[in-house]
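Participant: Take a look at the following structure, please.
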Amino acid sequence: TEWQMSNFIPPGPEAKVFVISIAAELSGLHPQTLRTYDRIGLVAAGRTTGGGRRYSLRDVELLRMVAQLTAEGLGLEGVKRVIALEKQVTALQARVSELESELVRVQGPQNLPALYAGHQVALWRRRK
């Protein structure tokens, strides 16, 4: 059978596809810096069967953030903490979204405050 382009599914942002030299170039960091960050657990590289490091697009974005934070004077332990807190915020936002969807499903529409262009408007029912 002939290979068709429609069958191609590009790797997602989590796929560890970049060798260390490319990840270093994309992040603006030296390959040795990437090795150090991997060794201290700041950015975890994937490994090939031969032991070579592989990085994902998300890893490269994280490396850029690390470079920016360290350039602004934050130490590596502080950067680790920022990364952990950002992951926690993302997880909590996802959970809030799940709970909001569940609430709508269980209760149906409610008379809740509505936001319009940055202003909060409260809707009230008259008592009979």
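Participant: Given the range 1-84, report the % of alpha carbon pairs whose separation exceeds 21 Å.
Facilitator: Beyond 21 Å sits 34 percent of the P(r) for the range 1-84.
Participant: Suppose a student asked you for the relative contact order of the range 1-61, using Cα pairs under 8 Å spaced at least 6 residues apart; what percent would you report?
Facilitator: Values: 59 pairs, mean separation 26.0, N = 61.
That works out to 43 percent.
Participant: Right, next: Which far-off residues, 5 or more places away or on another chain, put their amide H under 5 Å from the one on Arg54, with H placed in the peptide plane?
Facilitator: Sorted by chain and number, the residues that satisfy this are Gly46, Arg47, Thr48.
Participant: While we're looking at this one, here's another question. Calculate the FRET efficiency for Leu69 and Glu98 from the Cβ-Cβ distance with a Förster distance of 22 Å, rounded to the nearest 0.05.
Facilitator: Efficiency computed from Cβ-Cβ geometry: 0.15.
Participant: If you project the alpha carbons of the range 36-100 onto the principal axes, what extent comes out on each, in Å, largest first?
Facilitator: Principal extents (largest minus smallest coordinate, Cα): 46, 34, 17 Å.
Participant: Please list, in order along the range 49-64, the HN-Hα scalar couplings obtained from phi with the Karplus expression 6.51 cos²θ - 1.76 cosθ + 1.60 (θ = phi - 60°), rounded to whole Hz, x for Gly and Pro.
Facilitator: 5, x, x, x, 7, 10, 10, 9, 4, 4, 4, 5, 4, 5, 4, 5
Participant: Quick one: what are the phi-derived ³J(HN,Hα) couplings along the range 72-80, Karplus 6.51/-1.76/1.60 with θ = phi - 60°, whole Hz, x for glycine and proline?
Facilitator: With the stated coefficients, the range 72-80 comes to 7, x, 7, x, 5, 5, x, 5, 4 Hz.
None of the figures in this text is laboratory data; all of them are computed from the coordinates on show. Remember, it's a predicted structure, so these values are computed and weren't measured experimentally. Using ideal geometry, Cβ is built from the backbone for each residue, glycine included, and neighbour counts are taken over all protein chains shown.
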